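Comments concern the structure below.
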Amino acid sequence: MNPMYGTSVYCGIGIELAQIKEHLEMAASLGINTVFTSLQLPEADKATVLRDFPKMAEIAHGLGMKVEADIAARTAVQFGIDLHDLSAIKEMGVDFARLDGGYTMEQTVEATHNDLGMQIVLNAGAVTRKRLEQYESLGINKEQAHFCHNFYPMRYTGLQPERAQEINALIHEYGYRVTGFIPSHNHKRLGVSLGLPTVERHRIMDTFAAIEECKILGFDDIFFGDDLASEKELRMLVERDP
């Protein structure tokens, strides 16, 4: 799989669809190939999400971008989605489903064998060698599975670099890719003033330095956790050395 360079957009939190469209067009023109979003923001207006999310996904797909979305049982119910019906999630425009609650390990592994071409994204924050061995023993389909870290909105809750590197090395040992988040200094997601990084010190680090450290720490794919990252920030991401 080619590296995924990701921007984020979030429907239902006060950003108009026209602005999202403009941002995605700009991002795609730079070579950004993935859009991260969430279907489980408690502050999001549910009616607006239902209206705008499929349109956002359609815009992204029209620009050649994939859509990765957080989804959990408690929010799936609110949107009238059966969390265990991957076709319903796919119909909303999701290409990478980041399962964030409501699945047993067996159900997660079963989901990786879907015939929809949907990638199942597992939580890197919960990784242990024992857990990875359990995935192996249950027959996980590695072709349709990869790992993604959390981002951390509260100060001092993000990972230390050494811990991130340790987790990433373990994930690579078992043959998976892993994604991490860096914050945008251009725009913070509504209600989140401290940015959305995986590694704590990236909260205040220069963007280029954070991207370079992500490479050193073993992140295969890097997304901006905050929405509407600037053109300058996105350009630094896609123009980094492979």
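The values are calculated or read from the model by the stated rules, or taken from the named source; none is laboratory data. As the structure is a prediction and not an experimental result, all values here were calculated from the model. Every residue, glycine among them, receives a Cβ derived from its backbone with ideal geometry; neighbour counts consider all protein chains shown. When the accessible area is computed, the model is the full protein with side chains, heavy atoms only, and any ligands, DNA or RNA have been set aside. Shrake-Rupley method; radii C 1.70, N 1.55, O 1.52, S 1.80 Å.
Worth pointing out:
- Of the numbered criteria (1) under 23 Å from residue 61 (Cβ atoms); (2) surrounded by fewer than 17 Cβ atoms within 10 Å (Cβ to Cβ), the one residue 93 fails is (2).
- Residue check for residue 101: under 16 Å from the mean Cα position of the chain (by Cα), small (Gly, Ala, Ser), surrounded by fewer than 18 Cβ atoms within 10 Å (Cβ to Cβ) and under 26 Å from residue 125 (Cβ atoms): yes
Matching residues to (1) over 22 Å from residue 132 (Cβ atoms); (2) aliphatic (A, V, I, L, M):
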site	(1), (2)
155	yes, no
158	yes, no
163	no, no
171	no, yes
180	no, no
200	yes, no
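- Within the range 127-160, the residues that satisfy the criterion of being touching a helix residue (DSSP H, G or I) at 6+ places or on another chain (Cβ under 9 Å), under 16 Å from residue 195 (Cβ atoms) and open to solvent by less than 70 Å² (accessible area, probe 1.4 Å) are 149, 150, 152, 157, 158, 159.
- Scanning the range 176-218 for residues that are crowded, with 17+ Cβ neighbours inside 10 Å, free of Cβ contacts under 8 Å to residues at least 40 places away in the same chain and not in a loop (DSSP other than H, G, I, E, B) yields 207, 210, 211, 214.
- Tally, over the range 25-51, of residues that are in a helix (DSSP H, G or I), crowded, with 21+ Cβ neighbours inside 10 Å and modelled with pLDDT of 95 or more: 1
- With respect to the stated conditions, residue 55 is modelled with pLDDT of 95 or more, assigned to a helix (DSSP H, G or I) and basic (Lys, Arg).
- Any hit, the range 59-66, residues being of a type outside the set (S, T, N, Q), under 27 Å from residue 110 (Cα atoms), at pLDDT below 95 and open to solvent by 10 Å² or more (accessible area, probe 1.4 Å): no
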